[in-house]
Structures are given as structure tokens and as C-alpha cells.
Amino acid sequence: MEKQFDLITVGRACIDLNAIEYNRPMEETMTFAKYVGGSPANIAIGTSKLGMKVGFIGKVSNDQHGHFIKNYMSNVGINTDHTIFDQDGHTSGMVFTEIKSPQECSILMYRENVADLFLRPEEIQEDYIKKTKKILISGTALSGSPSREAVFKIVQYARKHNVEILFELDYRYPTWKSDEETSVYYSLMAEMSDIVIGTRDEFDKLENKKGDNKDTVAYLFQHRPKLIIIKHGVKGSFAYTKDGKVIQGKAYKSNVLKTFGAGDSYASALLYALNSGKSIDDALKFGAAAAAIVVSKHSSSDAMPNVADIEALINEQDK
């Protein structure tokens, strides 16, 4: 069957309000710029801007914020046929960001009663899932019901139709009730996925302990994953394959404005590179270069780079 999509992402789409005034605490900040946010939404935007055919499954508020999110995503080429408007009064999540300095950035996240966690299993269409090569699950979508049941329904359909399952850990502490709950659902999802991507701290949440890469990959390679990407911030990242390869990727230098958005741009460019048939080594370079570009810009979603931007940075810094 000819696949309509390279990738469908699943989960959180929200409103980011990024401080326009730098170098001051949020309580003194008066002006913010509005963007689409949320890890799976940002990854859909990033991969679409890189030329992939992308869809999005999620639920947004049936108000001006929800309409802004869906319209923005449609306008950058994402299929939003299964981006559903909530009919029960739930709101879209809001994230305020503070940019005190390149080293001091924080986010204030409002996640009460958010529409994305009310995506229901009966709203998932098998026919949509089977049209994609890959499906990306965001960890935040597992943090509450009925969203987590909808995610496992998606996984069932993906397995049935040989769709590759990607798990982006996307840990957001305001969403979870306890570390034990996080660990249970992260472990379940990771064991069923083909590729798992996250920071070292996020894998610690998955295992509910301070772990190391060697133990993490030994555990997960007992299950379905064939590729595990563990990010270590400015120290770079490591890719582990089931046949024993270890590939280390470096971080690229950047004129850092803020720290958020790096993970979503990294995942977008990494997935684009893998989808394009590039080596894992090149995919790590693409991810790191995209992250370096986005942390130098004000937004996350709007700042997602194109292929030429990424290749230019790699060529410049690899000399």
C-alpha cells in the first residue's frame, strides 16, 4: 500500500507565550509573543518544514486558541483532518516562558483540564493510522485518561499495519501525579516502540532511578526498540542500535538566546534525516544543528529550520 504520510505525530498542541523582554524575571515582563507549542505539534511543524508529509492527531479547545493552533499547522502543510475540536469545554494548554539570560530560562506551564488529554480511544481512526510510515507518540499524552488509552489504541493499529512506532519521552512535570506513574507508562510505551528518543534525565524518569546509558539500553533492547537516542545537552548525544553499534554525536555551537525548543527541533531534523536514508551519524548531526539554530531564535515552532539552513551550519562548523 502506498503511504500517504511519512509521519503522524500524536499528543499535545498548546499556546506558547514567549517573553519579548529579555533579561528580566517573568513577574516584571509585560509583553509576550504567541506561537504554537507542544512537543508533538512542534515536531510535526519541524518535519513538515523539512519537506516530509506529516499528519497530526490531537485535541484542541473549541475556541480562538484552538482555531489558531489548527490553522497554523494547516498553513505549514500538516494534515489536520484528525486534529479534533473539544466539545466539552476543555481548554488548550498555555506555556509562558521567561528569558532571564541564555543560561536562565524557565517555563510556567498551565495544564489543568487541557483538551489534549481528553482525546478518546473511539476518536482514533484505524484507516488514518495505516496511511503513515511512522507514528510518533509524545510522553505527555500518556499522563492522563482518556488520552493514554487513545495512545495505546493507536499503537495497536500501528502494529497491525506495520507502522514504525517512535516514542519521544517529552517529560513535563506539571502533568504527572508521581514518578511511579510516569515510570509505569513510560516503560510500557518504550518497550512497545521501535525508536525511543529522550534526554538522560527523561530516561531516568522512565526507569525511576538515576541510571546510565549502558543499563538503559541493556534493559530496552530486551524488548522491541531497535534504536535508542539519549541526549546529553551540550555534551552531545548517543545513538545505540540493537546490533551493538554506539554512535556519538556532538553538539554544535550557537549564539544561544534561550534553551527551550532544542529537543523538538533535534527530533524533527533527526527523523527527517533517517527518513531520507541518511546514516545515523548524519542524523545526529542534523538533529544537533537544528537544535543549535532554534535555541538562537525567539520561538520554537516558527524558528524550525529548513534543510539548507541545517546543512550550512554543519558544513561551516565541521570544517
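The values are calculated or read from the model by the stated rules, or taken from the named source; none is laboratory data. Being a predicted model, the structure only gives us computed values, none of them experimental. Glycine also receives a Cβ, built like all others from the backbone with ideal geometry; neighbour counts cover every protein chain displayed. All accessible areas refer to the heavy atoms of the entire protein, side chains included, with ligands and DNA or RNA removed. Shrake-Rupley method; radii C 1.70, N 1.55, O 1.52, S 1.80 Å.
Side notes on the structure shown:
- Calculated over the chain: convex hull of Cα atoms, volume per residue (Å³): 128
- Separation of region 21-47 from region 245-318 is 19 Å, based on Cα centroids.
- Label reach from Val234 (point 7 Å along Cα→C-beta): in region 96-122, amide nitrogens under 18 Å belong to 99-106.
- A Cβ-based charge dipole, computed about the Cα centre of the chain with Lys and Arg at +1 and Asp and Glu at -1, lands at about 760 debye.
- Taking a ≥ b ≥ c as the square roots of the Cα gyration tensor eigenvalues, region 123-247 comes out oblate, since a/c reaches at least 1.5 and a/b does not exceed b/c.
- The listed residues Thr259, Thr199 rank as Thr259, Thr199 when sorted by accessible area, largest first, using a 1.4 Å probe.
- log10 of Debye I(q)/I(0), alpha-carbon scatterers only, for region 1-103 at 0.10, 0.11, 0.19, 0.25 Å⁻¹: -0.32, -0.39, -0.90, -1.21
- For region 252-319, a crude dipole built from +1 on the beta carbon of Lys and Arg and -1 on the beta carbon of Asp and Glu, taken about the Cα centre, is about 160 debye to the nearest 20.
- Solvent accessible area, Å² - Asp88, 1.4 Å probe, full protein context: 100
- Selection from Gly211, Gly236, Gly46, by position along the positive dipole direction of the chain (Cβ): Gly236
- When Lys285, Lys134 are compared by accessible surface with a 1.4 Å probe, the order from highest to lowest is Lys285, Lys134.
- Where labels lie 7 Å past Cα in the beta-carbon direction, separation of Glu28 and Gln248 in nm: 4.2
- Hydrodynamic radius (Kirkwood) for region 215-319, which is based on Cα pairs only, to one decimal in Å: 14.0
- Neighbour net charge for Met192 - beta-carbon separation under 11 angstrom, K R +1, D E -1: 0
- Whole-percent carbon and sulfur share, accessible surface of the chain, 1.4 Å: 49
- Separation of the Ala308 and Glu112 label points, Cα + 7 Å toward Cβ, nm: 4.7
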